[in-house]
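See structure below.
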Amino acid sequence: MAILSARRRSAAISVAAVAGLAAAGVGLAVGGASAGTVSGSLYRDPSSAVVRWVAANPGDSRAAVIRDKIASQPQARWYANFNPSTIQSEVSSFIGAANSAQQIPVLSVYEITNRDCGGASAGGAPDLNQYQTWVSNFARGLGNQTVLIILETDSLALQTCLSASELNARNQALTTATQTIKSGNPNAKVYLDGGHSTWNSANDTANRLRAAGVQYADGFFTNVSNFNPTSSEANFGRAVISALNGMGISGKRQVIDTSRNGGAAGDWCADDNTDRRIGQYPTTNTGDANIDAYLWVKPPGEADGCRYTAGSFQPDLAFSLANGAPNPPTTAPPTTNPPTTAPPTTAPPTTAPPTTAPPTTPPPAGNGCSASVAINQWNGGFTASVNVTAGSASINGWTVTVALPGGAAITGTWNAQASGTSGTVRFTNVGYNGQVGAGQTTNFGFQGTGTGQGATATCAA
């Protein structure tokens, strides 16, 4: 079993501290041409726990090593607090800073209900309906440029605490979360939990990914919850991709967490192992067509919950990981000082959405709306994701009528209010998603029993 820590992010680092990193000649990892589907430099979070620690402890004997080899590097920002009323603004602020730097942010979503099976990182949304509300608000803050989303570490690899019905519900929730994020930002790259190479088999992992809707995602991530060598993870990823191809699911890619795999492998908990080192520095330039990026998802120096509180930054852990590790690249400018004379190489395409985007229908002319429904069916049940798109004028309030196949019955709804449970069901907006700008799209969903295939949707504003 692998336990992952809940993480918190708060105050921004001072301008002086950021300038200090640059003045020290600290190199920052930059992605160039990539063999995968992502290219460009990754965004360094200027308010991460390690950056704040370095700024607050300039006289510490460990500070220079931690600064140069960890604080200088782009790492994922974790969203692990259940805060549906503020998550949109928090994400929007972070995305805006990354977009201004013309670089690619990495966001780790860690909010699934019953996360970590009640272990050291227990928590998450109170229930899956509230989880979908949180995800919808999260997606509204993602902008429209390239972002990398690490969606729910351990949610698929660790399932021992879930009953069959709870597992079905989790798979539905992850499918809908992926579609909701893609609807909010079609240029978002979404990766689902692939565990790691010494946990579940490649075939088992592929089956879990398929059940959770990887066909709607860009691929999967591995090694966030362990320290296996990059070569082992890449071999495992190729086996998973091959298994997915055999299921008719093609075009998926892997991202690998290399934040702590530069030393000993084996037991999962870094708190008690001083033989580990940081691994390959973060980059999108992987040279491997199956791998979109090497990322630092789990921030080096943050505890796993063995010797220290899960998620807390511990300078002795950071120093142990960084001391003796190779120096980072030094040829790239800091991510906090982006070029201003040329457009970024990571600008997203504007002529077409990615091939993994959920299906949509063209918006109607005039002051109206359209609706499209995508069904994820499994034996005995289904989940539905419904896109509501305004026409050439904005709308204030909508009603979607869904005609369900015979025998289908709705058991839960999120981001809408339902009238009825079978046959023809009417859904109306909730308070926060009734206003939709001209040509814009909002999303709601529902789950049910029976067969959802063949359901149709119409919209009235």
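Rule-based calculations on the coordinates, nothing more; no lab input. Model, not experiment: these values are computed from the prediction. FYI the Cβ positions are ideal-geometry reconstructions off the backbone, even for glycines, and counts take in every protein chain you see.
Leaving out same-chain residues fewer than 8 places away, which aspartates and glutamates sit with a Cα under 13 Å from that of residue 182?
Partners within reach: 218.
List the lysines whose Cα sits under 16 Å from the Cα of residue 69, skipping any in the same chain fewer than 8 residues away.
298
I'd like the FRET efficiency for residue 164 and residue 401, computed as 1/(1 + (r/R0)^6) with the beta carbon distance as r and R0 of 25 Å, rounded to 0.05.
Values: r = 32 Å, r/R0 = 1.29.
Step by step, r from the Cβ atoms, then E = 0.20.
Could you calculate the FRET efficiency of residue 435 with residue 117 from 1/(1 + (r/R0)^6), where r is the beta carbon distance between them and R0 is 35 Å, rounded to 0.05? All intermediate terms of the calculation are to be shown ahead of the outcome.
Working: r = 39 Å, r/R0 = 1.12.
E between residue 435 and residue 117, to the nearest 0.05, is 0.35.
Return the FRET efficiency for the residue pair residue 64, residue 312: r is the Cβ-Cβ distance, R0 is 35 Å, and the value is rounded to the nearest 0.05. Kindly include the intermediate steps, with their values, before the conclusion.
On the way: r = 22 Å, r/R0 = 0.63.
About 0.95, to the nearest 0.05.
How would you order 112-120, 47-55 from highest to lowest mean count of nearby Cβ atoms within 10 Å?
Final packing ranking: 47-55, 112-120.
In whole Hz and in residue order, list the ³J(HN,Hα) couplings for the stretch 202-212 that follow from phi through the Karplus curve 6.51 cos²θ - 1.76 cosθ + 1.60, θ = phi - 60°; x for Gly and Pro.
Once rounded to whole Hz, the list reads 4, 5, 4, 4, 4, 5, 5, 5, 4, 4, 9.
Starting from 0.36 nm per residue, how many nanometres of slack lie between residue 392 and residue 250 once their C-alpha separation is accounted for? Spell out each step's value before the answer.
On the way: separation 142, 0.36 × 142 = 51.12 nm, distance 3.55 nm.
Length difference between fully extended and current span is 47.6 nm.
Return the sequence-ordered ³J(HN,Hα) values of the stretch 237-243 in whole Hz as given by the Karplus equation 6.51 cos²θ - 1.76 cosθ + 1.60 applied to θ = phi - 60°, using x for Gly and Pro.
These are the phi-based 3J(HN,Hα) values: x, 4, 5, 5, 4, 4, 5 Hz.
Hey, what do the phi angles of the stretch 389-399 turn into as Karplus ³J(HN,Hα) couplings, whole Hz, using 6.51/-1.76/1.60 and θ = phi - 60°, x for Gly and Pro?
10, 6, x, 7, 10, 5, 10, 10, x, 8, 10
Near the amide H of residue 310, under 5 Å away, which other amide H atoms are found, from residues 5 or more places off or on another chain, if H is placed in the peptide plane?
HN-HN under 5 Å from residue 310: 305.
Neighbouring Cβ atoms within 10 Å as the yardstick, rank 456, 258, 160, 133 fewest first.
160, 456, 133, 258
Relative contact order, percent, of the stretch 369-460 when contacts are C-alpha pairs under 8 Å separated by at least 6 residues?
44
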